[in-house]
Every structure is written in C-alpha cells, then in structure tokens.
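Heads up, the thing below is written out as structure tokens.
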Amino acid sequence: MESRPTEASNEASTQLDKLSPAQLVELMNREDYRAVQAVTEASGSISRCLEAIIASFRAGGRLFYVGAGTSGRLGVLDAAECPPTFGVSPQEVQAILAGGPQALVEAVEGAEDDSEAAYRELQARGLKSSDFVLGISASGSTPFVVGALERARRQGNKTGSIFCNPQAPLARLADYPILLEVGPEVLSGSTRLKAGTATKMTLNILSTGAMVAQGHVVGNLMVDVRASNQKLVQRQRSILSQLAGVDWQEAELALERAEGDLRRALAQLRMEE
C-alpha cells in the first residue's frame, strides 16, 4: 500500500485530549494554514486543470465530480451552488456521491469500495466524450473514484483528480492531477479537516474560474445570479445599480419589467441610454 500521510499521527497534536479549549483553537488554527499553503503549492496544477475544464465547457461538455465521504460531499456542495450563483443548468456541473443522496447525512457502508458504481452512474447520466470527470479523494485511492477515472479515461474523457497523498493511484490515473499535500491531520485520519479545507478551496477556484470564462461574471459581479430569496433580490438590485449607473428604485423597476432576469434588465437599461 502507498504511504498515506493523511492517516499518520500528527506530532503537534499527540496531546490533543489534554489541551484547553484555547490551546485546541490555537493548534487547529495554526494547522489550518497548511491547507492554504498546499493550495498555493498546487497552483500550477490547478491552473492546468482549470484550462482543461474550460475547454470541455466550450466543446459543449459538462463537469462531473466523483467522490465518497467528505470528498464526495464537498463535490455535491460545489455543484449545488453553481445554478443559483451563476444561473446555469443543474446539468452543467454534477456530483456523483458514493452511496447516493443518503450518504450526504450518514455513512453508507461499503459504498466507496464499489469500483464500478460511479462509472455506471456516469453512463446513466449520458456521459459523452466532451465531458470532464474530476475525481475527489483525500487518500487518492478510493475504489469508487479510481474505478470511475480509469474507465472514463479509457473511454476518451479528459480527467482530473484532487488528492492529498503523494504517489497515490489518482496521481497517475488523471490527465490533470492536483496534489494537496496537507500532511497529517490534527485528529489522525480525519480528512474532513485540513484535507477537506484544501479541497473546498480548490473546488471554489475551479468552478468559479470556469464560470467566469463562460461569461457569467461582469467585473466581479454575478450577473446571472438567481434571486430565490430576499437577500438575493437585494443583491440583484445592487448589481444592476452598479453596472447600469441607476438608483435602486430604477433598478427595481427594470428587474420587474425583465421578470427578475438581471442580464435582460441590464441590456434593456443600456438600450435606453
């Protein structure tokens, strides 16, 4: 078996059960800086993976996240945020989680050990050659993820991977591997900690970068945001006010005329200038 630093004991936390709350907070905060450093060190790999994802979208493809446990749940979270934030179809970024929706709230025994399940799900969702498949696994060796990348790559799909252990299988099974070398966790083996934080940061970069490249952002503003609650209604007004140079009342009226479509409201206001 390959070496797994994420399963090793962290020398800084061997007395974790004896620390005061203040000491525990200080230790975990200090260790979390390693997650930020790991993402910085992987910036070149992340950039290359992002370029490939953008190319897939431009070719009419979709982005699939495949993962189990914490890694899989982070993929589900990132995929779920894309439609309301960027106004895209839920089909554009999809997540496949070992054990299905039930695994979001409880462990599904043995689900991550099925090396064929994820690829079956990809096929059921109509996997096509232009789709990009990104495997997420802190260990880098989860059979559910490994099997999906092996099969997808064999079928001609571009693939990426996010993992935290050097020399893991995902290092060689993906076209665009991303190693996030966070080291041992404060709580030995609990990869929901530094590994999860670094993974979430990386997914933030990949999905946001891909959506920016597709034109869903003007400046640093979400022009395709969906107003599903009062807070987002206010955000729409603010964005429209800034981009069109109008006051809030005029922005509100323009959004009403455009039936809540911010991009359409902006286009109409600009035509009126």
Name the helices (runs of 4 or more DSSP H) wholly inside segment 187-273 in which the number of residues that are touching a residue at least 24 places away in the same chain (Cβ under 8 Å) is 3 or more. 194-213, 230-244, 262-272
Just to be sure I understand, how many residues within segment 2-37 are touching a residue at least 60 places away in the same chain (Cβ under 8 Å), of a type outside the set (D, E, K, R) and not in a helix (DSSP H, G or I)? 4
Taking K194 and the conditions (1) under 18 Å from S71 (Cα atoms); (2) charged (D, E, K, R); (3) surrounded by fewer than 23 Cβ atoms within 10 Å (Cβ to Cβ), which numbered condition does it fall short on, given that it satisfies the others? (3)
Restricting segment 178-191 to residues that are surrounded by fewer than 20 Cβ atoms within 10 Å (Cβ to Cβ) and of a type in the set (S, T, N, Q), the residue that is nearest to Y65 (Cα to Cα): S190
Only one of these conditions is not met by A52: (1) within 30 Å of E106 (Cα to Cα); (2) touching a Lys or Arg at 6+ places or on another chain (Cβ under 6 Å); (3) touching a residue at least 60 places away in the same chain (Cβ under 8 Å). Which number is it? (1)
Applying the selection to segment 38-58, what residues are under 18 Å from the mean Cα position of the chain (by Cα), of a type outside the set (G, A, S) and either over 30 Å from Q15 (Cα atoms) or not in a helix (DSSP H, G or I) (or both)? I46, R48, C49, L50, E51, I53, I54, F57
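Okay, residues lined up against (1) crowded, with 21+ Cβ neighbours inside 10 Å; (2) closer than 29 Å to V212 by Cβ:
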site	(1), (2)
E7	no, no
L19	no, no
N29	no, no
V36	no, yes
G60	no, yes
L74	yes, yes
G87	no, yes
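Rule-based calculations on the coordinates, nothing more; no lab input. Everything quoted here is computed from the prediction, not taken from an experiment. Quick reminder, even Gly has a Cβ in these numbers, built from the backbone with ideal geometry, and neighbours come from all protein chains shown.
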